[in-house]
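The numbers here are math on the coordinates, done by the rules we state, and not lab data. Everything quoted here is computed from the prediction, not taken from an experiment. So basically every Cβ, Gly included, is an ideal-geometry build from the backbone, and we count neighbours across all protein chains shown.
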Amino acid sequence: MQDKYFELLVSTDGAVNDLVVGFLSDVGAEGFVEEENELKCYFAESKWNPQYKEDVVRFLGHLRSEGKVGKYTVEVSEIMNQDWNMKWEESIVPIEVTDNIAIKPSWKEYNGSAKIVIEIDPKMSFGTGHHETTRMMVRLLEKYIKGGERILDVGTGTGVLAIAAIKLGADRCIAVDRDEWSIENSIENIRRNGVLEKVEVIRGEIASLGDEEFDFEVANLNRNTLLYIEPELRRRCKPGGVLLLAGLLTLDEEDIVKSYTKSGFKVVETLREAEWSAIALSK
């Protein structure tokens, strides 16, 4: 267990916490605690880089140029290991993503009317349904899954999209992630939701999957990764197949659409929530 953490405290006068979370999610932040106009981002000492503060300052400057935020401060402090995970857990409640689908953390009860209830133990990761990208992807899954599909979930994280796909009627899902912790967490969640026999979890790159083709592909990642894996997604998507992309800031949407349509995909639908986009494409 890490004895020391770095806390990156971001204070703003705008509703940009989710944007900062998205910006830092790929650089090793191990937890986020959100309060009104404040976001605390935690890094284990082994994963901390002083450059992260400068990167966030530049990112906030970009948001200010777009009118999304005015004043902001970014502070760094060292803290000893504490139970900030418990504080975060207290803030997460069940959420109804659609009339039919709810996502609940494993430590809270859900008493609503949704027929599909997905239980997730996210351990400080995305996948509770509180982030716009997860909600939009689940809504698109509900709309486009017809039943019996073979699904590829790239960057599965908590496994929430793989679970949702099976519960919505998909026949089989291969869930891929490079991160060892994500693999362990996704398997735990997939087992908890009773779909382990239909979901195969693989640690590695999408390129390691061989030549199998899929009726349906989902990738909730980020701009650079989505651009990088476009040839692999195209190669594995069956003609007439559906591809769902998310994890995108709206300012990156144009680059993604240009890349994927150039390779033969067609945009079917785009969802936008706050500053995030999710795109449904067909091949």
Which lysines have a Cα less than 23 Å from the Cα of Lys258, not counting those fewer than 8 places away in the same chain?
Lys238, Lys266, Lys283
Here the tail fraction of P(r) beyond 27 Å, over all Cα-Cα pairs of the chain, rounds in percent to 40
So for the chain: antiparallel DSSP bridges make up what percent, rounded to the nearest 5?
60
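Using only DSSP helix segments of four residues or longer, with each worth -39500 (n - 2.57), what per-residue ellipticity at 222 nm results for the chain after dividing by its residue count and rounding to 500?
Mean residue ellipticity, 222 nm, calculated: -9500 deg cm²/dmol.
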Contour minus Cα-Cα span, Val93 to Ala15, at 0.36 nm per residue, comes to 26.1 nm
The long-range amide H neighbours of Phe214, using H built 1.01 Å from N in the peptide plane and a cut-off of under 5 Å, are Cys237, Lys238
Counting other Cβ atoms within 10 Å, keep those with at most 16, restrict to DSSP loop, and tell me which trypsin sites (Lys or Arg not before Pro) in segment 94-203 are left.
Lys108, Lys115, Lys146, Arg178
Rounded to two decimals, the Debye log10 I(q)/I(0) of segment 124-246 (Cα scatterers, no solvent) at q = 0.16 Å⁻¹ is -0.68
Compare Glu38, Glu184, Glu78 in a GNM of the chain, Cα atoms joined below 10 Å, and give the one with the largest fluctuation.
Glu78
Filtering trypsin sites (Lys or Arg not before Pro) in segment 10-75 by DSSP loop and by at most 15 other Cβ atoms within 10 Å leaves Lys71
Among the GluC sites (Glu not before Pro) in segment 190-283, which ones are in a DSSP loop with at most 12 other Cβ atoms within 10 Å of the Cβ? Mind listing them?
Glu212
Calculate, in nm to one decimal, what Lys47 and Ser77 gain on full extension: separation in residues at 0.36 nm each, minus their alpha carbon distance.
9.3 nm
